[in-house]
Amino acid sequence: MKPQPTPSADASPASNDGARQDRTMHEIHNSAALRVYWSGGVGDAVVVTFSHVGHGDADGEFFARTVVEKLGLPAIGIVDRHDAWFPAEAMRAAIGEIRARIAAFREVVLFGSSMGGYGALRWSRDLQATTVIAWAPQWSISPNDVGDADRRYRRFYVPGLHDGMAVTHDAVDGRAFVFFDPCEPPDRFQAGRLAAVAPDRVRLVPMPRLGHEVGHAFAASATIRDLISVCRHGSAGEAVAFALGARRRSPRRVVGVSCALLDRRAACAHRLFEAVEHRLPENLRLSWIEAAADAAHRADDRVRLAALVAKATGFARTAPERVQRLVERLG
């Protein structure tokens, strides 16, 4: 199914008139834990976004702000100021103001990545979501829930604050799409738990070899517009087909396949990377070099290792600590 276009202002309900008149971007809630922003737009659906780890607390910035403004979509951005996974007490204090904004819309689309994906799922019932788009979300970060299956977020865990944080069936509402890389064991575990607790609401969308940041496959604003549309209007199968099409076009898929081949077919892995290297952001290029250097070290390929370490030094100005660690470890 071809994604339907985002509804225009003419398709908006009369009850949305007041919301559409407020076209400014401004803060509607501020607490020690959260900041919440309103960004005006047109349409019969409002997009509510949740920040990811490391998003920061800069004035006026929220996850996907550039995209929703470019597309002209009404939006609310919820920013967790301390990477605390949207604590329940803080969210409950903000929900009244958020609900007052979303009440004018026929549909509510919740959207987030990683920690933000958790927030979108955890608060979907409270925010009366009709659609949830979650990129590589967590079910929980509490060691009491996840054990050793996912240790990535142990440093963020706070006893008491995060105990009982796991997403439950009753917390999830709407059609929830969880996009994840099944080749990443922690993300596969988290997605599996989400599907297990809410099998009637959570639809898993596997995107192999993209890593944790699966959302980069949808980097273009037009692609995110179509993603929102197909998740709102299409079937689960159509959403999967759309996601796999985005995956095929993403250079990150090639990098993921290349990394998987480094230990078995190093020459092929290097050729794959070199074919897309010019299309990659600097951080991803350096990540591949680090992985390739580790593989060369394991293979005792000193010539290739020396070349990779030398290549890494080209990033010394922008990523000095990573380069230093690599040189000290393998140089």
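The values are calculated or read from the model by the stated rules, or taken from the named source; none is laboratory data. Predicted model only: the values in this text are computed from it and were never measured. Note that we place each Cβ from the backbone using ideal geometry, even for glycine, and neighbour counts take in every protein chain shown. The accessibility values were calculated without ligands, DNA or RNA, using every heavy atom of the protein model including side chains. Shrake-Rupley method; radii C 1.70, N 1.55, O 1.52, S 1.80 Å.
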Point to revise | Cα pair distances of segment 255-315 binned at 5 Å [whole percent] | key: 4, 21, 33, 28, 13, 2
Point to revise | Surface accessible to a 1.4 Å probe, per residue, for the residues of segment 102-187, Å² | key: 33 Å²
Study note, to complete from the structure: Cα-based Rg/(2.2 N^0.38 Å) for segment 128-195, rounded to two decimals, is 1.12
Review point. So what is the relative contact order of the chain, in percent, for Cα pairs below 8 Å that sit 6 or more residues apart?
Key: 12 percent
Point to revise | Check: segment 138-210 dipole with +1 on Lys, Arg Cβ and -1 on Asp, Glu Cβ, in debye | key: 220 debye
Practice item. Using a 1.4 Å probe and ignoring any ligands, DNA or RNA, find the accessible area of Met25 and quote it in Å² to the nearest 10. Key: 60 Å²
Review point. Roughly how big is segment 129-268's charge dipole about its Cα centre, with Cβ charges of +1 (Lys, Arg) and -1 (Asp, Glu), in debye to the nearest 20?
Key: 620 debye
Check your understanding: Taking the Cα centre of segment 36-108 as the origin, how large is its charge dipole in debye, to the nearest 20, when only Lys and Arg (+1) and Asp and Glu (-1) carry charge on their Cβ atoms?
Key -> 220 debye
Check your understanding: Who wins for biggest fluctuation among Thr223, Thr130, Thr24 in a Gaussian network model of the chain, springs between alpha carbons below 10 Å?
Key -> Thr24
Review point. Ignoring any ligand, DNA or RNA, what whole percent of the accessible area of the chain comes from carbon and sulfur when the probe is 1.4 angstrom?
Key: 51 percent
Point to revise | Most mobile of Leu280, Leu121, Leu210 in a GNM of the chain (Cα contacts under 10 Å) | key: Leu280
**Study point:** Helix-only [θ]222 nm of the chain, DSSP H runs n ≥ 4, -39500 (n - 2.57) each, per residue, nearest 500
**Key:** -12500 deg cm²/dmol
Exercise for review: Scan the chain and hand back the longest stretch that contains none of the trypsin sites (Lys or Arg not before Pro) lying in DSSP loops with at most 13 other Cβ atoms within 10 Å.
Suggested key: 24-150
Practice item. May I have the convex hull volume per residue, in Å³, for the Cα set of segment 173-331? Key: 133 Å³
Check your understanding: Which value, in Å², gives the accessible area per residue of segment 221-307 when a 1.4 Å probe is used on the protein heavy atoms?
Key -> 48 Å²
